[in-house]
1. Go ahead and run the numbers for FRET between THR15 and ALA129, Cβ-Cβ distance against an R0 of 41 Å, rounding to 0.05.
2. How big is the shadow of the Cα convex hull of segment 1-82, averaged over all directions, in nm²?
3. Show me the helices of the chain, taken as full DSSP H stretches, that run 30 Å or more along their long axis by Cα and average -0.5 or above in Kyte-Doolittle hydropathy.
4. If each of GLN118 and THR24 carries a label point 7 Å out from its Cα toward its Cβ, how far apart are those two points in nm?
5. Treating the Cα atoms of segment 35-78 as identical point scatterers in vacuum, please give the log10 of the normalised Debye intensity I(q)/I(0) at q = 0.14, 0.17, 0.21, 0.29 Å⁻¹, two decimals.
6. Per the helix-only calculation at 222 nm, which mean residue ellipticity applies to the chain, given -39500 (n - 2.57) for every DSSP H run of n ≥ 4 and division by its residues, nearest 500 deg cm²/dmol?
7. Among LEU25, LEU131, LEU84, which one shows the highest mean-square fluctuation when the chain is modelled as a Gaussian network with alpha-carbon springs under 10 Å?
8. Once you mark the chymotrypsin sites (Phe, Trp or Tyr not before Pro) that are in a DSSP loop and have at most 11 other Cβ atoms within 10 Å, what is the longest gap between them in the chain?
Amino acid sequence: ALRWVRPLAEDAEITADLCFCSATLHPLVTRIRMPQFFAGPENASAVKKMGCDAMREYFQLVEDRLADRPWWYGETWSAMDAYLYWVFWRVEGAEFPVNDYPRFRDHARRMEERPSVQRAMEREDRMTAQLEAEGLAFTPPSVST
């Protein structure tokens, strides 16, 4: 049986990219979405502002990467695109200025056209509605930046 094998350097790049999402973007998302958990409600605005200020640099990095390609790795969709979409979607819902990054925004809209993403979002909506009906939904407080 033939087995396709990627070069080790490509594996390392993929791992590094996913680490960028998990160790850099993901923590900033939390500071933007739920700032009150870091320094209490009285300091939530400052935490969110710092998270947004830091996230701008990384959104620009993604914006630049998508300048000449539809997906993170070019013409091929990958799990990296799914993680980036999650980041985009979470901060968009927290009023981060995603429209300042039109390529990243277009990437998110392409993601939303994928049937797998549509199914996942439908499940998310059903689960959110169930949590709301049971009084268990978490709604982050509105925090200005």
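1. The value I calculate is 0.65.
2. 7.1 nm²
3. 44-65
4. About 3.3 nm separates the two model spin labels.
5. These q points yield log10 I(q)/I(0) values of -0.50, -0.59, -0.67, -0.91.
6. So the helix-based figure for the chain works out to -20000 deg cm²/dmol.
7. LEU131
8. Maximal segment without exposed cleavage sites: 5-137.
The values are calculated or read from the model by the stated rules, or taken from the named source; none is laboratory data. Bear in mind the structure is a predicted one, so any value in this text is a computation, not a measurement. Here the Cβ is made from the backbone with ideal geometry for all residues, glycine too, and neighbour counts use every protein chain on show. Heads up: the accessible areas ignore ligands, DNA and RNA and are worked out on the full protein's heavy atoms, side chains in. Shrake-Rupley method; radii C 1.70, N 1.55, O 1.52, S 1.80 Å.
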